[in-house]
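Report on one structure; see the data block that follows.
The values are calculated or read from the model by the stated rules, or taken from the named source; none is laboratory data. Remember, predicted model here, so these are calculated numbers, not experimental data. Note that we place each Cβ from the backbone using ideal geometry, even for glycine, and neighbour counts take in every protein chain shown. Each accessible area value is taken on the protein alone, full model and side chains, heavy atoms only, with ligands, DNA and RNA left out. Shrake-Rupley method; radii C 1.70, N 1.55, O 1.52, S 1.80 Å.
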Amino acid sequence: MRIGIDLRVLDDPFGSGVARYTTLMLAELKKILTARGHTLIGYRSGHRRKAEKILENEHVVQLPNTILNLCSVMFGLPTSAQCFPKADLIWQPNPLFLGQVRIPLFVTIHDLSFVRQPETFPLHTRLWYLRNVKNFLRRADPGTYLMAVSEHTKDDILDLFPQWKGRVFVVPPPLLSSFLNEGAPVKTNKQKYFLYVGAVEVRKNVVSLMNGFIKFRQSHPDYQLYVVGRQGFLSVNNMIDKDYLLKNGVVLAGYVDETERRRLLVNASGLIYPSFYEGFGYPPLEALEVHVPVIAGADTALTKTLGDAALWINPYRIGDELPGALAALVDSPEYRQHMIEKGLKQLAGIQKDFSLLPLVELWERFASV
């Protein structure tokens, strides 16, 4: 079996949650597929043609990705056969555009926040990319199947696009983080701070997070908040003066490399993840893995993933609830240790049940038809 994998999501120089997901999926898939005698075929666009190979077999279409997407949407070119020569099946880690697909196509859907909360995305993204993704979901093309990263996402897909019934498969992402592969930094505990990791954008609820932390800091002035992640879409009306933030202990660290990201996470007093909407969410699981307690927004896919291993807050009432949750972790070492132990237990249960073998066996059945 020859599996075509769309690698364009990995060409982002600053990384992303989808890129992290794809990297972890590839690491696990390579092991299983190679052991079963299968081949992976990578597909990338021309603007990254000089980059180091990710897979041994890679095919590059010599066009910038913007032009490539436009040609795919308007003319159905290049065809999937041109992008993935001799592939029996295609997997896209994120909805991207392909022309004239005549073999089984599996597309990962991470969440439907762009349908549920379109106002949290920039206008140009809504008018171009997200519009076409919604059209793709409405069409539900025969021979195309969806991989939902959680039951939460599957339920959302079928609620909004019931035409996919029978063609949505739940495939939880790998939980083997870079900490296991590269080793976590040593804890120093020399600095008191909480951490947010993710894009700085509206749907991640970052502005309310910063306001809630500033309120907490009135009674705990020795603590800081590090906001780690690249600038996403954030309404100008919601922006807070950066000098004001710094004076109140909020450090906008921006994008940091993986080594610095691990160091900040390992030594944090806790991770705060207050999103309005999440399809899965990696950072909280990575935090649990290195004994860092988690405070998270309720009513997302994380409630099932984390269970009682997180302190849950209403994302619409962060100003009222976040200060108390932060205080509970720093004022009571016993409670903090209790939450750490809950996290490790929850993580062990999730990891024990994870395997990509069912996905590979599913692909084998489709590729042989």
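Tell me, what is the percent relative contact order of the chain, built from C-alpha pairs under 8 Å that lie six or more residues apart?
Contact order relative to length: 14 percent.
Tell me the net charge near Asp156. Cut-off is 10 Å between Cβ atoms, Asp156 excluded, with +1 for each Lys or Arg and -1 for each Asp or Glu.
So the environment of Asp156 carries a net charge of -2.
Could you sort Phe169, Phe280 by their accessible area in this structure, using a 1.4 Å probe and putting the largest first?
Solvent-accessible surface, decreasing: Phe169, Phe280.
Rg/Rh for region 224-369: what does it come to with C-alpha atoms and Rh from Kirkwood?
1.04
Could you tell me what fraction of 2.2 N^0.38 Å the Cα radius of gyration of the chain comes to, as a two-decimal ratio?
1.02
To the nearest 10 Å², what's Leu288's accessible area with a 1.4 Å probe?
Taking all protein chains as shown, Leu288 has close to 10 Å².
Can you give the FRET efficiency to the nearest 0.05 for Lys165 and Val115, using r as the Cβ-Cβ distance and R₀ = 22 Å?
According to the calculation, E is roughly 0.80.
Of Asp111, Asp353, which has the most accessible area with a 1.4 Å probe, and how do the rest follow in descending order?
Asp353, Asp111
Per DSSP helix of 4 or more residues, -39500 (n - 2.57); summed, then divided by the residues of the chain. What does that give at 222 nm, rounded to the nearest 500?
-11500 deg cm²/dmol
What do you reckon, how do Tyr226, Tyr273, Tyr316, Tyr244 stack up by accessible area (1.4 Å probe), largest on top?
Tyr316, Tyr244, Tyr226, Tyr273
Can you compute 3J(HN,Hα) from phi for each residue in region 314-321, using the Karplus curve 6.51 cos²θ - 1.76 cosθ + 1.60 with θ = phi - 60°, rounded to whole Hz and x for Gly and Pro?
6, x, 8, 9, 4, x, 8, 9
Counting only protein heavy atoms, what percent of the accessible surface of the chain is carbon or sulfur at a 1.4 Å probe?
Here carbon and sulfur together make up 53 percent of the probe-accessible area.
Per-residue accessible area for Arg2 at 1.4 Å probe radius, Å² rounded to 10?
Accessible area of Arg2: about 80 Å².
Find the Cα radius of gyration of region 1-132, compare it with 2.2 N^0.38 Å by division, and give the number to two decimals.
So region 1-132 has a normalised radius of gyration of 1.06.
With every protein chain kept in place and ligands, DNA and RNA left out, what is the accessible area per residue of the chain? Probe 1.4 Å, answer in Å².
Accessible area per residue: 46 Å².
Determine, from the Cβ-Cβ distance of Phe354 and Asp141 and an R0 of 35 Å, the FRET efficiency 1/(1 + (r/R0)^6), rounded to the nearest 0.05.
Result of the calculation: an efficiency of 0.75.
So if I take the centroid of the Cα atoms in region 249-271 and the same for region 335-369, what is the distance between those two points in Å?
A separation of 26 Å, based on Cα centres.
Classify region 307-369: rounded, prolate or oblate, from the alpha-carbon gyration tensor (a ≥ b ≥ c, eigenvalue square roots; a/c under 1.5 rounded; otherwise prolate if a/b is larger than b/c)?
Oblate shape, in that a/c is at least 1.5 and b/c is the bigger or equal ratio.
So which of Lys165/Lys204; Lys134/Lys242; Lys31/Lys345; Lys134/Lys247; Lys242/Lys345 end up more than 31 Å apart, counting from Cα to Cα?
Violating the 31 Å limit, Cα to Cα: Lys134/Lys242; Lys134/Lys247; Lys242/Lys345.
Taking the Cβ of Pro142 as the centre, find all other residues whose Cβ is under 12 Å away and add up their charges (Lys, Arg: +1; Asp, Glu: -1).
+2
Give me P(r) over region 239-292, computed from all C-alpha to C-alpha distances, binned every 5 Å, as integer percentages.
4, 15, 21, 23, 22, 12, 3
Just grab the label-to-label distance for Leu63 and Asp241, each label 7 Å out from Cα along the Cβ direction, in nm (one decimal).
4.9
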